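The values are calculated or read from the model by the stated rules, or taken from the named source; none is laboratory data. Keep in mind the model is a prediction, meaning the values are calculated, not measured. Here the Cβ positions follow ideal geometry from the backbone for every residue, glycine too, while neighbour counts run over all protein chains shown. SASA here: full protein model, heavy atoms, side chains in, ligands and nucleic acids out. Shrake-Rupley method; radii C 1.70, N 1.55, O 1.52, S 1.80 Å.
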Amino acid sequence: MRQGLCDGLSNEVITAVTTGAALSAWAVYLASGTLLVGAVTAFPLLAQGLQVPAAQWVDRWGRRRVAIIGFLVRGLAYLPLVFLPWVGVSLPAQRVTLICSALVSSIAGVLANTAWAAWMGEALPRRVRGRFYGVRYSLAMLGSGVATLCAGLTLDLSKQTIGLGPALSGVALAICVAGCVTTWSLLRQPEVRGAPAKAAAYSWSALIAPLYNPAARRYLVFQALFNAAIGTSGGFVAIHFALNLGLGYRVIAAQTLLGMFCRVATSAFWGRMVDRFGARPVLIASGVGICILPLIQASATPAASWPIWLEAVISGTA
Amino acid sequence: MFCLPYRLAPAEQRTSYLALFAASAGLCNGLAAMTAGAVTSALPREVMVGQNPVFALQLLFVFGFGLRLAAVLYALRVVEHGSHGTRVLLAQLRDDALTKARAAVRPLGRPLRWARALARP
């Protein structure tokens, strides 16, 4: 179980340094702006569409094997970026390399996470499962926060010293190392004895069954609207802060960290509210908070950037 | 928010419900991010709204606010059996906050009464 905590920590480091401040730095370095940020933000989300076939593939190839190979590929997909600033390739070729790395990493991540969830679902005794996931989530948040802050500080310091290119190369190397640590940690965890539970066979009729359920259909429409709304502006906040407001990467990292801290601090409270009142009223109450975030983001200007801190508190709390 | 899909899905079909919920959420989010990225990269960095220059990304945030508002209004139509209304939740939150605030200032009550008595001529 200690190894399970270790892989959670290292895996979250990869997520932390491939989004937010680091992604904005890549966009600035490759002089590409919002198109590249939009694509790289979209890949992990679009790859969620693979969840359905992923369950079948995991069942066929084995949970442990898919999880180990998947997490290794997820980290090492960024290996070409380590050499990118040192080899003399054109900017468009560098952009394509970043997009390919993000795409491969996203697909491997979905496969690995599906396999890991199925593996741990059987490996962990039921009585410790809740505590394990709780501790793992807290450690993952801690690792993510430290990694975000370190990446922000490194990128800011590098601007005055060695330049953004070598610093981004170092960040890419950190992603590869985190991928290898995750793999090493998973290799030390044994396969569950006995025959694995077969994944449910998906049929077309089973997949579209929620569309015939009015409550599920309404939730699907809500989810489509809500996720389209989040995707429209959510991924571009960091690049707006960096490019338009002129904020340093460490400030962006600290803002992300504040939001993360508020999320950890209030998650138990919202859990209690869901138990007491149901999920729907909590969804609406926190939805109102999430709704006003883009207005706060838009109200920040280069002269008065203080709304970003308010945005972090509300986004973490809601 | 993450509990609602589990509560809406019947136990015997939970896997297919959750798979469809996760896939649709990811696809909508991803497609919206790609479209927004393409639209803002086609626009100049700053655009004029009336007499005021604003960043193109600020316009995107305002559009995002409109979509989020529509989503939250639509959430009122989502049904969950056995849940309380949002008003009940907000009223309870207000009552809890008032009770905690009163409990926090209660220790100050006695010294304040003494101070008031001393100040009285």
For A:G235, indicate whether it is open to solvent by less than 40 Å² (accessible area, probe 1.4 Å) and either at pLDDT 85 or above or on the phi < 0 side of the Ramachandran plot (or both).
-> yes
Across the range A:257-314, what is the total count of residues that are within 16 Å of B:F61 (Cβ to Cβ) and of a type in the set (D, E, K, R)?
-> 1
Could you tell me whether A:V37 is within 13 Å of chain B (Cβ to nearest Cβ) and within 18 Å of the chain's Cα centre (by Cα)?
-> yes
Number of the exception - A:N11 against (1) more than 26 Å from A:G248 (Cβ to Cβ); (2) away from chain B (no Cβ under 13 Å); (3) open to solvent by 40 Å² or more (accessible area, probe 1.4 Å) | (3)
Apart from one, (1) within 27 Å of A:V17 (Cβ to Cβ); (2) within 11 Å of another protein chain (Cβ to nearest Cβ); (3) among the small types (G, A, S); (4) surrounded by fewer than 17 Cβ atoms within 10 Å (Cβ to Cβ) all hold for A:S305; the odd one out is (2)
With respect to A:R250, determine if the residue is under 27 Å from B:A97 (Cβ atoms), more than 7 Å from chain B (Cβ to nearest Cβ) and either touching a residue at least 60 places away in the same chain (Cβ under 8 Å) or open to solvent by less than 50 Å² (accessible area, probe 1.4 Å) (or both).
-> no
Subset tally (residues that are of a type in the set (A, V, I, L, M, F, W, C) and over 23 Å from the mean Cα position of the chain (by Cα)) for the range B:10-28 = 3
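Residues checked against (1) closer than 18 Å to A:I14 by Cβ; (2) surrounded by fewer than 23 Cβ atoms within 10 Å (Cβ to Cβ):
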| residue | (1), (2) |
| --- | --- |
| A:A31 | no, yes |
| A:T34 | no, no |
| A:W57 | no, yes |
| A:R60 | no, yes |
| A:R63 | no, no |
| A:G70 | yes, no |
| A:V73 | yes, yes |
| A:L76 | yes, yes |
| A:P80 | yes, yes |
Exactly one of (1) exposed (fewer than 15 other Cβ atoms within 10 Å of the Cβ); (2) touching a Gly at 6+ places or on another chain (Cβ under 6 Å) is unmet by A:A312. Its number?
-> (1)
Search result, residues across the range A:288-302 that are within 22 Å of B:A91 (Cα to Cα), hydrophobic (A, V, I, L, M, F, W, C) and open to solvent by less than 20 Å² (accessible area, probe 1.4 Å) = A:C291
Residue check for B:F21: in contact (Cβ under 8 Å) with a residue 12 or more places away in the chain, under 19 Å from A:F222 (Cα atoms) and of a type outside the set (D, E) | yes
Can you give me the ranges of the helices (runs of 4 or more DSSP H) entirely in the range B:2-111 with at least 1 residues that are at the interface with chain A (Cβ under 7 Å from one of its Cβ atoms) and either farther than 30 Å from A:S205 by Cβ or β-branched (V, I, T) (or both)?
-> B:14-42, B:56-75, B:86-105
Note on the range A:253-287: residues among the basic types (K, R) and buried (at least 22 other Cβ atoms within 10 Å of the Cβ) are A:R280
